[in-house]
1. So if each residue of separation counts as 0.36 nm, and I subtract the Cα-Cα distance between residue 208 and residue 296, what length gain in nm does that give?
2. Give me the orientation-averaged projected area of the Cα convex hull of the range 232-299, in nm², one decimal.
3. As I understand it, the value is the acute angle between the Cα axis of helix 144-154 and the longest principal axis of the Cα atoms of the chain; what does it come to in degrees, rounded to 10?
4. May I ask for the net charge around residue 141, where only other residues with Cβ less than 14 Å from the Cβ of residue 141 are counted and Lys, Arg are +1 while Asp, Glu are -1?
5. Going through the range 281-325, which trypsin sites (Lys or Arg not before Pro) have at most 13 other Cβ atoms within 10 Å and a DSSP loop state?
6. Expected output is a single nm value to one decimal: the length gained when fully extending between residue 51 and residue 303, i.e. 0.36 nm times separation in residues minus the C-alpha distance. What is it?
7. Quick one: if the Förster radius is 35 Å, what FRET efficiency do residue 64 and residue 30 give, using the C-beta to C-beta distance and rounding to 0.05?
8. For residue 98, tell me the accessible area in Å² from a 1.4 Å probe, rounded to the nearest 10.
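The values are calculated or read from the model by the stated rules, or taken from the named source; none is laboratory data. Because the structure is predicted, anything quoted here is derived from the model rather than measured. Glycine gets a Cβ as well: all are built from the backbone with ideal geometry, and neighbour counts include every protein chain shown. These accessible areas exclude ligands, DNA and RNA; they are computed on the full protein's heavy atoms, side chains included. Shrake-Rupley method; radii C 1.70, N 1.55, O 1.52, S 1.80 Å.
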Amino acid sequence: MGNQIIIVVYDTDEEYITGINEYLLDYINERYSIFTFSNIDKFREFCETNNINILILAEYCIDIKLIKNINAYIQILSEEKNVLRIQGYEAVYRYRKMCMIISDILNNYANYTCKNSDVKDNILDRDMNVRITAIYSPVNRCGKSTLCMKLAYALKDNKSLIIDLEEFSLNKDIFDGGLNISDLIYYCLKENSNFNIKLDAIVKKYNNTDIIPPVNNISDISEINEDIWAELIIKIKDSGRYGDIIIDVSNMVGDIFKIFKICDYVFVPHLNDNYSSIKLKLFFNYLENVNNELKNTVIKKIDVSNILSKGDDYIIKEMTDIMMEGNIG
């Protein structure tokens, strides 16, 4: 199983077991080995013959005699809300969205590993060429965030990820206040170990696309230095998880050009009205002043004024064609 982390789930509710198994296999199958059991004898036999990293156990399935001999991080699926520990083990409420349950379990496991230096991260041995693409516009209401989502979906076969750096993002409501990029940033500032496990806890799926959800509080963006944002993005790049990283960049980031500097591509969607043209001209005039720092970054304007007549697919093809060509223009 190599560097994979072994997750075992034991719950006599077979319908629940099926749901958690399907979610885990779809969400983290490459990075983890998942084993689910509803039969106590098969569960006991597996535990006796295998090393387990994470054991997820239904509250009514706790068998202290059995689990006390299992050298694993144990997480209890609680029947009641707001229960933090059961019989000395950390607990999460079982009757929620599956993505929230798994996020909490992996987050707790990441925090646990920081206190146990012998627990190693699940770094994948993968030689991957990673492209970092930013989508930014000085013009409002030009569909920037929609383009991020559609571009990531178009590149999903290359394992794409969206990093949402918007201060007012629709994704905030979609993910309902769970763990977000702020948690990942503050973890990195405090801890240097097992980053990949924490990353797994933060990343969510929406429309078959991996996303790091945006901040809940606008001050979380404005108070973070842009060098720290850049360092985080590079750390995600080095994780071996993704072939394409797409960043939805807002003006709240600070010096956005420090973000552009680490990018292979920057797409600037725009409209063709007078106001948009003026803003675009000012942006590119300023861009000339920092051009030496961005000599390795392809920066392209994307006219979205004709999106109604030509459609989203036309715009996305234009962007992916540029990425395939790799020419600076």
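1. Computed gain between residue 208 and residue 296 is 28.6 nm.
2. That works out to 5.3 nm², a quarter of the Cα hull's surface.
3. 60 degrees
4. Once positives and negatives cancel, what remains is 0.
5. Those that pass, being in a loop and sparsely packed, are 295.
6. Length gained between residue 51 and residue 303: 85.2 nm.
7. 0.55
8. 40 Å²
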